[in-house]
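> My questions will all concern the structure given below.
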Amino acid sequence: MKILDGSSLSKKIRETLRKKLSKISGPKPGLAVILVGSDPASEIYVSKKEKLAKEVGFHSEVHRLPKDTSQNDLLKCIETLNGAQNIHGILVQMPLPKHIDTQAILHAVLPNKDVDGFHPTNLGRLMMGHPRFVPCTPAGILRLLKEYQVEISGKKAVILGRSLIVGKPLAHLLLNENATVTLCHSKTKNLKAECQSADILISAMGKPAHIDASFIKEGAVVIDVGINRMNQKIIGDIDFNSVSKKASFITPVPGGIGPMTIAMLLENTLKAFEIK
Ligand code: NDP
């Protein structure tokens with residue numbers, strides 16, 4: 001069994017970005033993150049993104065808005081950033097408070113500044129097989145698989161979770177790589193049998209240690225996207241101890257997909273700068 005070490009690869013990617021950014025004379029590429037409210041998990045993610053963006057050499061701004069911010073005020077903030085010369089990437093931290101229509105917000109970010117890849121234009125491009133900005137978590141998963149030369153073409157990939165953030169875009173990315181993809185969700189019948197057929201199994205359900213070794217085909221590649229907070233600890237959807245005995249490759253939690261997600265966000269921001 002081999003560990004798919006997202007922390008190391010993320011560091012390597014950030015170092016490459018740091019070198020590229022140091023060669024840019026004049027204003028550096030800019031990333032703006034908007035956080036509405038003070039959800040503790042979102043606070044942690046946003047601070048981490050800000051810290052790493054600065055470390056690499058980006059201009060980084062965080063716009064913290066109160067949780068009762070109106071949809072109109074949030075749209076105005078996005079509009080200002082859409083027009084800002086020094087901002088190349090805009091990210092609205094999810095989830096948003098319930099009184100805000102997430103779809104309206106995702107539509108408002110300029111597609112060329114949409115470094116999260118959630119604008120319909122960017123999702124449509126991915127679906128058509130010529131992506132521009134790919135959502136960061138699926139992009140990070142693919143990059144990690146490629147780094148370790150995991151064969152994807154012709155393999156059966158089973159994805160647990162069909163969210164717009166992970167499962168759906170990942171299904172298209174893997175299809176583009178010629179995998180045969182099955183997308184599972186809470187209404188899937190016999191989840192275990194689906195998992196047992198997977199050469200590559202990716203779990204993004206948010207169900208702590210739900211998948212144990214009995215779900216796994218011998219030699220499967222197992223990717224754990226889940227982040228579940230339990231008793232001050234973060235654990236994934238995969239029961240690492242039992243599954244690692246059967247898998248050929250496995251991601252740890254933490255240290256797997258989380259750091260890859262941030263690395264892809266920073267890469268997308270440099271790409272947005274270059275496109276401009
Ligand atoms: P969502 O809650 O939006 O989606 C969860 C998905 O899992 C849904 O499609 C749901 O099905 C499915 N699901 C839930 N329970 C089961 C079950 N028992 N059997 C089969 N399918 C099930 O979550 P996200 O996609 O936003 O996130 C998923 C997990 O990944 C979370 O733990 C989150 O914290 C983590 N995450 C980690 C990231 C990282 O960088 N490492 C980035 C983004 C997310 P249905 O659609 O039918 O409800």
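> Using a Förster distance of 22 Å, how high is the FRET efficiency between Ala84 and Glu43, based on the Cβ-Cβ distance and rounded to 0.05? Intermediate values should be presented prior to the final figure.
Working: r = 24 Å, r/R0 = 1.07.
In this case the efficiency is close to 0.40.
> Further question on the same structure: Where both residues lie in the chain, what percent of DSSP beta bridges are antiparallel, nearest 5? Intermediate results must be reported in sequence, preceding the final value.
On the way: 3 of 32 bridges.
Here the antiparallel bridges make up roughly 10 percent for the chain.
> Mind listing the long-range amide H neighbours of Lys217? Cut-off is under 5 Å, sequence gap 5 or more, other chains count too, H placed in the peptide plane at 1.01 Å from N.
Counting only residues 5 or more places away or on other chains, the set is Ala198.
> Need one number: nm distance between label points at Lys11 and Glu151, each 7 Å from Cα along Cα→Cβ, rounded to one decimal.
For Lys11 paired with Glu151, the spin-label model returns 3.2 nm.
> Can you tell me the orientation of helix 6-22 relative to the chain, as the angle in degrees between its alpha-carbon axis and the longest Cα principal axis, to the nearest 10?
Roughly 30 degrees, rounded to the nearest 10.
> At what distance in angstrom do the alpha carbon centres of segment 8-85 and segment 146-207 lie from each other?
So the separation of the two Cα centres works out to 29 Å.
> Considering the options Thr182, Ser60, Pro97, tell which one lies farthest towards the positive end of the dipole of the chain, charges being +1 on Lys and Arg and -1 on Asp and Glu at the Cβ, about the Cα centre.
Ser60
> Under 10 Å, Cα contacts only: if you run a Gaussian network model on the chain, which one of Gly26, Gly117, Gly37 comes out with the highest mean-square fluctuation?
Among Gly26, Gly117, Gly37, the largest mean-square fluctuation in the Gaussian network model of the chain belongs to Gly26.
> Quick one: angle between helix 136-147 and the longest Cα principal axis of the chain, in degrees between 0 and 90, rounded to 10, please.
Value to nearest ten degrees: 50.
> If you don't mind, there's one more thing I want to ask. Spelling out what I want: for every residue of segment 192-201, take phi, set θ = phi - 60°, compute 6.51 cos²θ - 1.76 cosθ + 1.60 (Karplus), and round to whole Hz; glycine and proline get x.
4, 4, 4, 5, 5, 8, 7, 7, 10, 10
> Using +1 at the Cβ of each Lys and Arg and -1 at the Cβ of each Asp and Glu in the chain, identify which of Gly154, Cys77, Val33 lies farthest towards the dipole's positive end.
Gly154
> Oh, and also: Once amide H atoms are placed 1.01 Å from N in the peptide plane, what residues at a sequence separation of 5 or more from Val36, or on another chain, have their amide H within under 5 Å of its amide H?
Those lying under 5 Å, H to H, from Val36 are Leu65, Gln93.
> Using only alpha carbon pairs under 8 Å that are at least six residues apart, calculate the relative contact order of the chain and give it in whole percent. Intermediate results must be reported in sequence, preceding the final value.
Numbers: 534 pairs, mean separation 59.6, N = 276.
Relative contact order for the chain comes out at 22 percent.
> Quick one: of the DSSP bridges fully inside segment 150-260, what percent are antiparallel, nearest 5? Intermediate results must be reported in sequence, preceding the final value.
Working: 3 of 19 bridges.
Around 15 percent of the beta bridges assigned by DSSP in segment 150-260 are antiparallel ones.
> Take Ser25, project a point 7 Å from its Cα along the Cβ direction, then tell me which residues of segment 45-60 have their backbone nitrogen under 20 Å from it.
Zone members listed by number: 57-59.
> Starting at the first residue of segment 228-239, write each ³J(HN,Hα) from the Karplus equation 6.51 cos²θ - 1.76 cosθ + 1.60 with θ = phi - 60°, in whole Hz, x for Gly and Pro.
Per residue, the Karplus-derived 3J(HN,Hα) values read 10, 8, 9, 6, 6, 10, 9, 10, x, 7, 9, 7 Hz.
> For Val62, enumerate residues with amide H under 5 Å from its amide H, sequence gap 5+ or separate chain, H modeled in the peptide plane.
Answer set, sorted by chain and number: Val33.
> Test of understanding: what is the full-extension gain from Asn190 to Lys2, defined as 0.36 nm times their sequence separation minus their Cα-Cα distance? Display every interim value, and only then the final one.
Details: separation 188, 0.36 × 188 = 67.68 nm, distance 2.83 nm.
Computed gain between Asn190 and Lys2 is 64.9 nm.
> Right, next: Using helices alone, what [θ] at 222 nm do you get for the chain, with -39,500 (n - 2.57) per DSSP H run of 4 or more residues, divided over all residues and rounded to the nearest 500? Show your work: numbers first, answer last.
Values: 10 runs with 113 residues, N = 276.
One gets -12500 deg cm²/dmol as the mean residue ellipticity at 222 nm.
> Please list 3J(HN,Hα) in residue order for segment 66-75, calculated via the Karplus relation 6.51 cos²θ - 1.76 cosθ + 1.60 where θ = phi - 60°; whole Hz, with x for glycine and proline.
x, 5, 9, 4, 6, 4, 4, 5, 5, 4
> Which angle from 0 to 90°, rounded to the nearest 10, does the C-alpha axis of helix 40-56 make with the longest principal axis of the chain?
Orientation of helix 40-56: about 70 degrees from the principal axis.
Any read-out appearing in this document is the output of simple, stated calculations on the displayed coordinates, not a laboratory observation. Fair warning: this is a prediction, and the values are worked out from it, not measured in the lab. No Cβ is skipped: glycine too gets one built from the backbone with ideal geometry, and neighbour counts run over all protein chains shown.
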